[in-house]
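Right, one structure below, let's go through it.
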Amino acid sequence: MQSSQRHAWGVLLSSMIGLVGGLVCGAVILSLCSLAGRSRTTGAEFLGYWSFGVALVGAMYGGALGIILGPIGYVAVVRETGFRSAILPAAIGTVAGGFVGSLVVPGLGVLTGIAGFFAGLFFAKYRRSLAR
């Protein structure tokens, strides 16, 4: 397969992985924030509060961001490291960054989740460079 075809397939695959990963990570982040009493969605929040609607809203935002950021992450890092070594660090970075940012200021979770995603990708790249 030619290089341009391989990169086109990689971008397409990264969009799909970004969509699914964003759905899952967004739902997890907003669910964790809701359980911690920091979602500010209905005014009924308290420690341990959770509803399925909160997870759906998180999945909606996460999926939209994932389908955009997945190909950007592919071009920046994943085409060098491979999907296998990048998915888990990216997911952990996204959830950790989004949750910690939301604990500080609920609206900040989106930006810190994006930063955590890229931090996880660059960690995977760094770890792969050490292995060589």
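Residue pairs, Cβ under 6 Å, 6 or more apart or interchain, first in region 4-21 and free of Cβ contacts under 8 Å to residues at least 40 places away in the same chain, second among the hydroxyl-bearing types (Ser, Thr, Tyr) and not in a helix (DSSP H, G or I). List them.
Close Cβ pairs (under 6 Å, with a partner that is among the hydroxyl-bearing types (Ser, Thr, Tyr) and not in a helix (DSSP H, G or I)) do not exist here.
Per-residue answers, yes or no, for (1) in contact with a Gly (Cβ under 9 Å, 6 or more places away or on another chain); (2) touching a residue at least 60 places away in the same chain (Cβ under 8 Å); (3) over 30 Å from SER3 (Cα atoms):
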residue	(1), (2), (3)
VAL57	yes, no, yes
GLY70	yes, no, no
VAL100	yes, no, yes
THR112	yes, no, yes
GLY116	yes, no, no
LYS125	no, no, no
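Identify, please: which residue in region 1-29 is under 18 Å from ARG84 (Cβ atoms) and among the hydroxyl-bearing types (Ser, Thr, Tyr) and is, among those, surrounded by the fewest Cβ atoms within 10 Å (Cβ to Cβ)?
SER15
Kindly indicate whether any position in region 37-51 is surrounded by 15 or more Cβ atoms within 10 Å (Cβ to Cβ), part of a helix (DSSP H, G or I), modelled with pLDDT under 90 and touching a Pro at 6+ places or on another chain (Cβ under 9 Å).
Among the residues of region 37-51, not one is surrounded by 15 or more Cβ atoms within 10 Å (Cβ to Cβ), part of a helix (DSSP H, G or I), modelled with pLDDT under 90 and touching a Pro at 6+ places or on another chain (Cβ under 9 Å), which makes the answer no.
Do the conditions hold for GLY66, that is, is it crowded, with 16+ Cβ neighbours inside 10 Å, modelled with pLDDT under 95 and under 14 Å from GLY22 (Cβ atoms)?
Criteria not met by GLY66.
Of (1) out of contact with any Phe, Trp or Tyr (no Cβ under 9 Å at 6 or more places or on another chain); (2) modelled with pLDDT of 95 or more; (3) buried (at least 18 other Cβ atoms within 10 Å of the Cβ); (4) farther than 12 Å from CYS33 by Cβ, LEU88 satisfies all except one. Which?
(3)
Of everything in region 109-132, what is part of a helix (DSSP H, G or I), surrounded by fewer than 15 Cβ atoms within 10 Å (Cβ to Cβ) and not small (Gly, Ala, Ser)? Give them in sequence order.
Within region 109-132, LEU111, TYR126, ARG127, LEU130 qualify.
The values are calculated or read from the model by the stated rules, or taken from the named source; none is laboratory data. Just so it is clear, the model here is predicted, and its values are computed rather than measured. Virtual Cβ from ideal backbone geometry, glycine too; neighbours counted across all protein chains shown.
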